[in-house]
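Enquirer: Just dropping this structure here.
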Amino acid sequence: MIGTSARRVGGVERVTGRQRFTGDVRLAGMLHVKLVTLDCARARIAAVDTGAASGVPGVRAILTAADLPRPIPRYGPTYRDRPVLAVGETKFHGEPVAAVVAETEEAAEEAAGLVRVACEELPAVLTVASALDPSAPLVQDPELRPDDLLGRTNIRREWHFGWGDVAAAGADCVVDEVYTFPMVTHFAIEPHAFIAAPDRDGLIIWSSIQHPYLLQAAIAEVVGLPLSKVRVFAPDPGGAFGGKQHAKFEPLLAFLALRTGRPVRLALTLEETFQAVRRSAFEIRVRSGFRSDGTIAFHDTECNALMGAYADIAPRVIAKSGYLICGPYRVPDARIVVRALLSHTTPATAFRGFGTPQVAWAIESQMDEAARRLGVDRLEIRLKNLARRGDEVVPGDRPADGDWAEAVSRAAAAIGWGSPLALGRGRGIAVAIKASATTGASYAIVRLHHDGSVTVMAGTSDMGQGARTVLAQVAGQELGVPLERIAIVMGDTGSVPFDLQTSASRSTVFMGTAVLNACREVRRQLAEIARELFGLAEGEVVVEPGIVRAPGLELRYEELLAQAWGPVRGELIGTGVRRGEHVPAHPLGGPPAFYEFNCTAVELEVDRETGEMLVLRHVSVADVGRALNPAHVEVQDEGAAVMGLGHTLMEHLLLDEHGRIRNLGALDYRIPTTKDLPLELRSLLVENGDGPGPYGAKGAGEGGLLAVAPAVASAVAEATGAVIRDLPLTPERVWQAVEALGRGGRPDPPAA
Amino acid sequence: MSETARVSLTLNGEPRTVEIGAGRTLLDTLRWELDLTGTKECCAAGECGACTVYLDGEAVNSCLVLAAEADGREVTTIEGLGSGGRLSRLQEAFLETGAIQCGFCIPGMVVAADALLRETPRPTLDEVLQGLSGNLCRCGGYTRICAAVLRAAGAADVTG
Ligand code: FES
Ligand code: FES
C-alpha cells in the first residue's frame, strides 16, 4: 500500500462536483457581507456616512471601526498588528473601512457602493527604496511597537546571520550583483471564502484555511472566548499554496456574526483575493568570492524584503529564507543581513517555497556568473560546492540529509547536459534547499471499529497535496485495512485533535508519524486484548497488519474484537503524537526536521527577434526520502514546476502611483495555461528512505518551484548571452536584454 | 430592487423553473437558486473556465451568461455527467491518471474536456492543449489532465 499510487481519497467527489468547498456551504438565515474599500492604498479617513447605504432594502448591519471595541481588536500570527477594520487611515489598497451585511449579495454590494467615506489620500510607501528612506512616512504607528529600536523606521525587523569572517576571506574572483524578485500572487482557483455563525455561547467559523487551530486561537483571542467555544470547520481548500495559512477576514466576520446574531458569509472575488495575499518581493545584493577552480570562498548578502502593511507571517518567511540563503553548499564564510520592510501594500504572507525561490534566484545566478567568469562548467561548479551527506550547510545546524549530488547528476543526465545544442538554444541547471518545518505538534486519533474498519482523525488540511490519501495509506499499511474501509475526518476543531499547521510540506512527516503512532497504539491494545482473552504471556502474541497471531491462533482484528466483546461491542482508540519542540537558542526556534532539495534543469529556445521563449524540456528532481504515493508526489512536483515557470516568465503584480494593483484579476495577471507548458515536463524522485517521516519519507511538493527561475535564466544566458537579474523574464525584458547586448551595454534596470 | 424574470430550462434532463433577478448570471442561478454547487466560480470574467457548463450542447462560461439567456434551453452541469450514478469514462480517466489535486478547477475542466471530446473524439495532444487553454488549474502541471483526456479518447465511447 505504501509506495503505490493509490487513487486520491476524495477524488470521486471532486470529479463529480460533489466536493463541498467553503463557498458551497449554505446555512439557514445566512447573511451576505461586502467590504467597503477606498480607491487608493493610503488615505486618512475623516468620516464614514452609512446613511444612504442603510436605506437599501435587505441591509441588516453596517460595521465601521467606530462600532468595534476600543482599542480596536488586532490580530496577526507574528504581531497583533492588523486591525479588524481600518482605523484612522487605510494602509493598503483593499483594506476594508466598513463592512455591509445584507440578506442578499446584491443588496450588500449595492449598499457597499453607497457608503460614503470622506478621506484624503496620503503619500504611500510602495517600494524597497522608499521603505528604506528615513524621510518616508511610517507605515505603522510606532506606538504599536514601543520597545522596538526600529519602531520609528519602516524596518519591521532586521536579522544578522552568518559565520566565519567574510572580511578576512580571500577570493580569486568576486561577483557583486543585485537581483530582484517582484510581488506575485497565489491565485488559488478557489478565492477565499469565510462564514461565521453564532453557536449558543460561542461561534462557529467556516474557512478555506490551512491552519484551523491557529484560526481558532486567533478568533478566540480577538472576541475573548475560550478555545472550546470557537469551533472551526475547514472544508478542504481549493488550492492554498500558503495564502490560506492565517486569518484574513474571519475576525471581522466573527464580530459581524455576534452583531447580527446570524450566520454571515463573505466570499472574496478573485480581485479581492489579489488584494488579500501575495509573496514578499525581494531585492538582494550578493557579493560572492570564489577560488579560481570555482570553490565558494564566501557570500556576503543583503536581502531587503518588501512585505505589506501588516506583518502576517512574512517576517518568518523572510528570516527563514535569509538564514538558508547560501543554499545546499559548503560555504566557509557568510555574512547575511535580512530586513523585513513595511509598505502600503497587500500584506505578504507564506507562498509555496517560503522565501526560498527569491534567495535561490540570487545565489544560483551568482553561481552561474562565477562559472562564466572563471570558465568553469555550470554543472561542475555546483557539484564541486554541493554539501555531501553529513556536511554542514549552516554551521551547527542540521547537516545535509540527502544524496543531493545524485539528484543533480540525474537532472543533468535527463537534460542531456554537455551534449551539442542547436542554435538559439540554451540549457540551465540550478539547485535549492528549503528548510522544512522546525517546530510543531501534530496529534492524531485512530479508531478501530468493531467491524475492522478504521476512522482516522487528523487536523491536517487537504488542499490538493493529497494528505487524506497519504494518511489513509499509512493507516491502511499499519492496520492491514483497504482504503475503501478507512474514513479520514479532518477540518473540524470540535472533533479532531490539535495540529499546529498544514505548511512547510510537513504533514506527511509530522501528521504521518502521529497517525503511524496511533495505529501502533491500536495494535498494542489488540495484543493486550488477545493476551487477556486467551491467557497468553507477553511475547506470545504478535499483531501484524490486519491479523493477530499467537501459537495455534490467527484472527482478524474484527474476529478478535467480536470474541472479546460479544454483543456489547466497542472500539479501540489509539492516539499518536509527533512534536518538534521549540529551541529558544536556535535562530529559527529549532532546526529543520528535514531539507527539501530540488534540482531543476531546462532546455529552451529563444527567438532573438521577439524575446519569446519556448521551454523544450523541463526536468525536476526531488529528494523525497520515500514517495508514499509516487503519482501524488510527482503531480505536486509538476505543479510546482509550472507554478515556478509562472513567476519566472510572466507573473508580477504592478502597482500604480496610488498603490493600486494595475493588473488585478485574471484578465491582466497571467498564470500558466496549457499553452505555456514545456514541451516535455518530467519529475524524477530520489528515494533513499532517509527522511524522518513514516517509512523514510521527507516532505515534498514545494521543491519543484524553488530553482526554476535561475535555471531558466541560465538557459536564456546560454542561448543569447544576455544575463538578466530581474524577474519575470518576459519576452519584452529578454528582447531588451538581447538588444542591449547588441549595443554593448547591460540591460536597463527594471521600471519600479 | 431590480425586476425579476422567470426562467424555464431543462437542467441535467429535468425541467426546472426559477424566479430570479433579471441581471443574475447562469452561474449564480445554478449555485444559489438551483442548489447545484458543483459548478465553481473563480474569476467571474470568462477567464478561468471554473464555471464551464453545457448550454444547448456547447461548453460556455456560465459566469458570462445571463440566466435569462438560458430560458427554454438545455443546461448540463458537472452533476449531469455520467449516467445512472456511474462515472463517465472521462471522469474515470481523471481518477486513473492522478489528474485531480484540490479539485476546484476539476468540474469546469471535466465539462470542457467532455465538450472537446464530443467535438474531436480522437484529439492529438496539441488539440487537447488548445481545447483546455481556457481552463486554469493552479495545482498541477496540466500534463495529467491532458493524459486523462487522451486516455478517455482511447477508450472508445466517451459519452459513457
Ligand atoms: S468563473 Fe467563469 S470563467 Fe472564471
Ligand atoms: S486541481 Fe486545484 S486548481 Fe486544478
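The values are calculated or read from the model by the stated rules, or taken from the named source; none is laboratory data. Computed from a predicted model, the values in this text were never measured in an experiment. Quick reminder, even Gly has a Cβ in these numbers, built from the backbone with ideal geometry, and neighbours come from all protein chains shown. Note: areas computed on protein heavy atoms with side chains; ligands, DNA, RNA excluded. Shrake-Rupley method; radii C 1.70, N 1.55, O 1.52, S 1.80 Å.
Enquirer: Quickly run through the range A:368-395 and pick out the residues that are free of Cβ contacts under 8 Å to residues at least 60 places away in the same chain and of a type outside the set (D, E, K, R).
Expert: A:GLY375, A:LEU379, A:LEU383, A:LEU386, A:ALA387, A:GLY390
Enquirer: Same structure, new question: Assuming B:GLU47 fulfils every condition listed in (1) more than 8 Å from chain A (Cβ to nearest Cβ); (2) buried (at least 19 other Cβ atoms within 10 Å of the Cβ); (3) within 27 Å of A:PRO191 (Cα to Cα) apart from one, which condition is it?
Expert: The single condition B:GLU47 does not satisfy is (1).
Enquirer: Considering each of A:GLU95, A:GLU105 in turn, give the residue that is under 32 Å from the mean Cα position of the chain (by Cα) and within 14 Å of chain B (Cβ to nearest Cβ). Before you say what the answer is, go through the steps one by one.
Expert: Details: A:GLU95 fails: within 14 Å of chain B (Cβ to nearest Cβ).
Going through A:GLU95, A:GLU105 in turn, the sole match is A:GLU105.
Enquirer: Could I ask something else about it? When you look at A:VAL101, is it β-branched (Val, Ile, Thr) and buried (at least 24 other Cβ atoms within 10 Å of the Cβ), yes or no? Spell out the reasoning first.
Expert: Working: β-branched (Val, Ile, Thr): yes; buried (at least 24 other Cβ atoms within 10 Å of the Cβ): yes.
Here the answer is yes, as A:VAL101 does meet what is asked.
Enquirer: Could I ask something else about it? Can you tell me which residue is least open to solvent (accessible area, probe 1.4 Å) among those in the range A:1-25 that are under 24 Å from the mean Cα position of the chain (by Cα) and more than 9 Å from chain B (Cβ to nearest Cβ)?
Expert: Here the residue is A:THR22.
Enquirer: Of the residues B:GLY85, B:GLY80, B:GLY72, B:GLY46, which is away from ligand 2 (no atom under 16 Å from the Cβ) and at pLDDT below 95? Even if it seems obvious, please write down each step before you answer.
Expert: Working: B:GLY80 fails: at pLDDT below 95; B:GLY72 fails: at pLDDT below 95; B:GLY46 fails: at pLDDT below 95.
Going through B:GLY85, B:GLY80, B:GLY72, B:GLY46 in turn, just one is away from ligand 2 (no atom under 16 Å from the Cβ) and at pLDDT below 95: B:GLY85.
Enquirer: So which of A:GLU538, A:GLU559 is part of a loop (DSSP other than H, G, I, E, B) and charged (D, E, K, R)? Before you say what the answer is, go through the steps one by one.
Expert: Details: A:GLU559 fails: part of a loop (DSSP other than H, G, I, E, B).
So the residue among A:GLU538, A:GLU559 that is part of a loop (DSSP other than H, G, I, E, B) and charged (D, E, K, R) is A:GLU538.
Enquirer: Condition check: surrounded by fewer than 24 Cβ atoms within 10 Å (Cβ to Cβ), within 17 Å of A:LEU706 (Cβ to Cβ), assigned by TED's automatic domain parsing to the domain that holds A:ILE429 and of a type in the set (A, V, I, L, M). Does A:LEU379 satisfy that? Steps first, answer last, please.
Expert: Values: surrounded by fewer than 24 Cβ atoms within 10 Å (Cβ to Cβ): yes; within 17 Å of A:LEU706 (Cβ to Cβ): no; assigned by TED's automatic domain parsing to the domain that holds A:ILE429: yes; of a type in the set (A, V, I, L, M): yes.
Answer is no for this residue.
Enquirer: Return only the number of the condition from (1) open to solvent by 20 Å² or more (accessible area, probe 1.4 Å); (2) closer than 30 Å to A:ALA41 by Cβ; (3) facing chain B (nearest Cβ under 8 Å) that A:GLY665 does not satisfy.
Expert: (1)
Enquirer: I need a count of the residues in the range B:93-133 that are more than 8 Å from every other protein chain (Cβ to nearest Cβ) and open to solvent by 30 Å² or more (accessible area, probe 1.4 Å).
Expert: Qualifying residue count for the region: 10.
Enquirer: Examine the range B:67-90 for a residue that is buried (at least 24 other Cβ atoms within 10 Å of the Cβ) and over 16 Å from the mean Cα position of the chain (by Cα), and state whether such a residue exists.
Expert: no
Enquirer: Inside the range A:285-318, can you point out the residues that are in a strand (DSSP E or B) and either within 29 Å of A:LYS248 (Cα to Cα) or open to solvent by 10 Å² or more (accessible area, probe 1.4 Å) (or both)?
Expert: So the first thing to find is which residues in the range A:285-318 are in a strand (DSSP E or B), and the list is A:285-290, A:296-306.
Once the filter is applied, which keeps residues that are in a strand (DSSP E or B) and either within 29 Å of A:LYS248 (Cα to Cα) or open to solvent by 10 Å² or more (accessible area, probe 1.4 Å) (or both), the range A:285-318 yields A:ARG285, A:ARG287, A:ASP300, A:GLU302, A:CYS303, A:ASN304, A:ALA305, A:LEU306.
Enquirer: Taking B:SER62, is it away from chain A (no Cβ under 11 Å), within 20 Å of B:ALA148 (Cα to Cα) and of a type in the set (Gly, Ala, Ser)? Reasoning before the result, please.
Expert: Numbers: away from chain A (no Cβ under 11 Å): yes; within 20 Å of B:ALA148 (Cα to Cα): no; of a type in the set (Gly, Ala, Ser): yes.
When the stated conditions are applied, B:SER62 does not pass them.
Enquirer: While we're here: Which of the numbered conditions does A:ALA53 fail, given that it passes all the others? Conditions: (1) in a helix (DSSP H, G or I); (2) without any contact (Cβ under 8 Å) to a residue 12 or more places away in the chain.
Expert: Answer for A:ALA53: the failing condition is (2).
Enquirer: If you scan the range B:17-40, which residues turn out to be at the interface with chain A (Cβ under 8 Å from one of its Cβ atoms) and among the β-branched types (Val, Ile, Thr)?
Expert: B:THR37, B:THR39
Enquirer: Name the residues in the range A:56-73 that are surrounded by 12 or more Cβ atoms within 10 Å (Cβ to Cβ) and touching a residue at least 24 places away in the same chain (Cβ under 8 Å), would you?
Expert: Hits for the range A:56-73 are A:VAL56, A:GLY58, A:VAL59, A:ARG60, A:ALA61, A:ILE62, A:LEU63, A:THR64, A:ALA65, A:ASP67, A:LEU68, A:PRO73.
Enquirer: I'd like to verify a number: residues in the range A:671-705 that are free of Cβ contacts under 8 Å to residues at least 24 places away in the same chain and open to solvent by 50 Å² or more (accessible area, probe 1.4 Å), how many?
Expert: So the count comes out to 1.
Enquirer: List the residue pairs whose Cβ atoms are under 7 Å apart, where the first residue sits in the range A:559-577 and is surrounded by fewer than 16 Cβ atoms within 10 Å (Cβ to Cβ), the second is assigned to a loop (DSSP other than H, G, I, E, B) and not acidic (Asp, Glu), and the two are 6 or more positions apart or on different chains.
Expert: A:TRP565/A:HIS450; A:ARG569/A:HIS450; A:GLY570/A:HIS450; A:GLU571/A:HIS449; A:GLU571/A:HIS450
Enquirer: May I ask you to verify whether B:ARG16 is surrounded by fewer than 21 Cβ atoms within 10 Å (Cβ to Cβ) and either more than 16 Å from ligand 2 (Cβ to nearest atom) or under 26 Å from A:VAL59 (Cα atoms) (or both)?
Expert: Working: surrounded by fewer than 21 Cβ atoms within 10 Å (Cβ to Cβ): yes; either more than 16 Å from ligand 2 (Cβ to nearest atom) or under 26 Å from A:VAL59 (Cα atoms) (or both): yes.
Yes, satisfied.
Enquirer: Something else now. Looking at B:GLY108, B:GLY103, B:GLY134, can you tell me which residue is within 14 Å of ligand 2 (Cβ to nearest atom), outside the structural domain of B:THR39 (by TED's automatic domain parsing) and on the phi > 0 side of the Ramachandran plot? Break it down stepwise before answering.
Expert: Working: B:GLY108 fails: on the phi > 0 side of the Ramachandran plot; B:GLY134 fails: on the phi > 0 side of the Ramachandran plot.
Result of the check over B:GLY108, B:GLY103, B:GLY134: B:GLY103.
Yes/no per residue for (1) within 16 Å of ligand 1 (Cβ to nearest atom); (2) closer than 30 Å to A:GLY242 by Cα; (3) in contact (Cβ under 8 Å) with a residue 12 or more places away in the chain:
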residue: B:ASP56; (1), (2), (3): no, no, yes
residue: B:ALA59; (1), (2), (3): yes, no, yes
residue: B:ASP71; (1), (2), (3): no, no, yes
residue: B:GLU79; (1), (2), (3): no, no, yes
residue: B:SER88; (1), (2), (3): no, no, yes
residue: B:PHE104; (1), (2), (3): yes, yes, yes
residue: B:VAL110; (1), (2), (3): yes, yes, yes
residue: B:VAL128; (1), (2), (3): no, no, yes
residue: B:CYS137; (1), (2), (3): yes, yes, yes
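Enquirer: Let me ask you something else. Going through the range B:22-72 one residue at a time, which ones are among the aromatic types (Phe, Trp, Tyr) and touching a helix residue (DSSP H, G or I) at 6+ places or on another chain (Cβ under 8 Å)? Spell out how you get there, then give the answer.
Expert: Step one: of the range B:22-72, the residues among the aromatic types (Phe, Trp, Tyr) are B:32, B:54.
B:TYR54 - this is the single residue of the range B:22-72 that is among the aromatic types (Phe, Trp, Tyr) and touching a helix residue (DSSP H, G or I) at 6+ places or on another chain (Cβ under 8 Å).
Enquirer: Return a yes/no flag: does the range A:498-517 have any residue that is within 23 Å of the chain's Cα centre (by Cα), more than 16 Å from ligand 1 (Cβ to nearest atom) and within 14 Å of another protein chain (Cβ to nearest Cβ).
Expert: Yes.
Enquirer: May I ask you to verify whether A:LEU654 is away from ligand 2 (no atom under 16 Å from the Cβ) and farther than 21 Å from A:ARG427 by Cα? Before the answer, list the steps.
Expert: Details: away from ligand 2 (no atom under 16 Å from the Cβ): yes; farther than 21 Å from A:ARG427 by Cα: yes.
For A:LEU654, the condition - away from ligand 2 (no atom under 16 Å from the Cβ) and farther than 21 Å from A:ARG427 by Cα - is met.
Enquirer: Say whether the condition of being over 30 Å from A:ASP492 (Cα atoms), within 14 Å of chain B (Cβ to nearest Cβ) and surrounded by fewer than 18 Cβ atoms within 10 Å (Cβ to Cβ) is met by at least one residue in the range A:46-55. Let's see the steps before the verdict.
Expert: Filtering the range A:46-55 down to residues over 30 Å from A:ASP492 (Cα atoms) leaves A:46-55.
Filter once more, so that each one left must be within 14 Å of chain B (Cβ to nearest Cβ): A:55.
Adding the requirement that they be surrounded by fewer than 18 Cβ atoms within 10 Å (Cβ to Cβ) leaves A:55.
Within the range A:46-55, one or more residues are over 30 Å from A:ASP492 (Cα atoms), within 14 Å of chain B (Cβ to nearest Cβ) and surrounded by fewer than 18 Cβ atoms within 10 Å (Cβ to Cβ).
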